[in-house]
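Engineer: Mind having a look at this structure? Questions to follow.
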Amino acid sequence: MTTDATTKPTVRPSSLPVKPRIYSGIQPTGRPHLGNDLGAIRNYVALQDRYEAIYCIVDYHALTHVHDPEVLRRQTLEMAAALIALGLDPKRCTVFVQSDRPEVTELCWLFNTVTPVGWLQRTPTYKEKRANQPEDVNHGLLTYPVLQAADIALPKASLVPIGKDQAPHLELSREIVRAFNARYGETFPEPQAVYTEAPVVLGTDGQRKMSKSIGNTIEILAEPDVIRKQVMSMVTDTQRILRTDPGRPQVCNVCQLHRHFGKDYEEIWDGERAARTGCVDTKKLLVERIIAHYAPARAMYSELLADPAHLRAILNEGAERIRPIAEATMTEVRERMGLR
Ligand code: ADP
């Protein structure tokens, strides 16, 4: 686990929780992929015992691009099942759905009033999203990072486990919180990112980060045949043409992923470099390791989804646990801003 070296812990206002709180949000957009797990969810799991941990399925965020109510509802439950199957224990952490605590939308509006629009227009992800959905450049895309800042600030979280792709958003959250604190007095901690050993996992194309929107994912909770197909399609070292050519394991994404599955990474590296093993061999090994590693999670995921009422109860309990925290923050914020 690493924290962002460019960010420094800040002075703790007296209204802050005594035990540092961590918060992270994840969109309910389909089954999680290997990048989500290695880049973020593994840290969610690791941190749930060390901190007061709060994890949120951010369905308000998803509304910027998911417009089918049934799909959104189904995917929200699927994400809850996936997070629990991958290791979140609702007894040791809080898992809730963003729209079950609508205080966050009020805080988002209040944060809008301290956020210069130029900061949002310059956000790289805003430019990307506009390009990805030119027919639907809704205002939610622009204000997305403000809602994210509100998500983190509502429970006064000081640590945020995320993948590196989220670093610009977190920096913006820090700036928004700083702007609020400067105008209305020290209220919120400036959140710090927490990264795993794999802050950027490349996709099956070996070029871009693994992402649902690009479609270059390895779906860890899918049926083994789907995983097999996705891993076997991975682009490896493009300069290695023949099986007998020495490979470049440092640029081969398949070799790099072996770091996280099994203890023989160095052997695999050496085998590729000395051309003892071919790309297909290392892919086959990786497939079997990924399938075996996630088999218990896959079974639990199916079991959880078979009982949606139980899942719903876990999420309701999470939202209730957050209620006093959210209400206390909003009372303080309204008072500081001169509302009521
Ligand atoms: P996606 O980009 O596939 O839509 P999300 O935006 O839902 O994924 O990301 C959920 C969490 O997983 C975030 O903390 C994000 O930083 C992390 N994450 C997503 N993709 C990767 C990746 N390829 N490598 C590392 N972390 C990632």
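Engineer: Looking only at region 189-209, count every residue that is more than 18 Å from Asn36 (Cβ to Cβ) and acidic (Asp, Glu) and tell me the total.
Structural biologist: 1
Engineer: Under 28 Å from Ile325 (Cα atoms), modelled with pLDDT of 95 or more and within 16 Å of the ligand (Cβ to nearest atom): which single residue out of Ser158, Ser173 fits that description?
Structural biologist: Ser173
Engineer: How many residues, within region 197-212, are more than 6 Å from the ligand (Cβ to nearest atom), among the polar types (S, T, N, Q) and either at pLDDT below 95 or not in a loop (DSSP other than H, G, I, E, B) (or both)?
Structural biologist: Of the residues in region 197-212, 1 are more than 6 Å from the ligand (Cβ to nearest atom), among the polar types (S, T, N, Q) and either at pLDDT below 95 or not in a loop (DSSP other than H, G, I, E, B) (or both).
Engineer: Something else now. Take region 41-69 and flag every residue that is in a strand (DSSP E or B) and surrounded by fewer than 23 Cβ atoms within 10 Å (Cβ to Cβ).
Structural biologist: Selection gives Glu52 alone.
Engineer: Which of the residues that make up region 91-116 are crowded, with 20+ Cβ neighbours inside 10 Å and more than 20 Å from Met337 (Cβ to Cβ)?
Structural biologist: Once the filter is applied, which keeps residues that are crowded, with 20+ Cβ neighbours inside 10 Å and more than 20 Å from Met337 (Cβ to Cβ), region 91-116 yields Cys93, Thr94, Val95, Phe96, Val97, Gln98.
Engineer: Tell me, yes or no, whether region 180-193 has at least one residue that is closer than 30 Å to Val254 by Cα and either outside any loop (DSSP other than H, G, I, E, B) or of a type in the set (Lys, Arg) (or both).
Structural biologist: Within region 180-193, one or more residues are closer than 30 Å to Val254 by Cα and either outside any loop (DSSP other than H, G, I, E, B) or of a type in the set (Lys, Arg) (or both).
Engineer: Right, something else. Kindly indicate whether any position in region 18-29 is under 13 Å from the mean Cα position of the chain (by Cα) and at pLDDT below 95.
Structural biologist: yes
Engineer: Given the conditions (1) touching a helix residue (DSSP H, G or I) at 6+ places or on another chain (Cβ under 9 Å); (2) part of a helix (DSSP H, G or I); (3) more than 24 Å from Asn36 (Cβ to Cβ), which single one is not true for Arg130?
Structural biologist: For Arg130, the exception is condition (3).
Engineer: A further question follows. Could you say whether any residue in region 92-114 is closer than 18 Å to Ile22 by Cα, in contact (Cβ under 8 Å) with a residue 24 or more places away in the chain, of a type in the set (Lys, Arg) and in a helix (DSSP H, G or I)?
Structural biologist: For region 92-114, residues closer than 18 Å to Ile22 by Cα, in contact (Cβ under 8 Å) with a residue 24 or more places away in the chain, of a type in the set (Lys, Arg) and in a helix (DSSP H, G or I): absent.
The values are calculated or read from the model by the stated rules, or taken from the named source; none is laboratory data. In this text the structure is predicted, and so the values were computed from the model without any measurement. Neighbour counts are summed over all protein chains in view; Cβ atoms, including those assigned to glycine, are modelled from backbone coordinates with ideal geometry.
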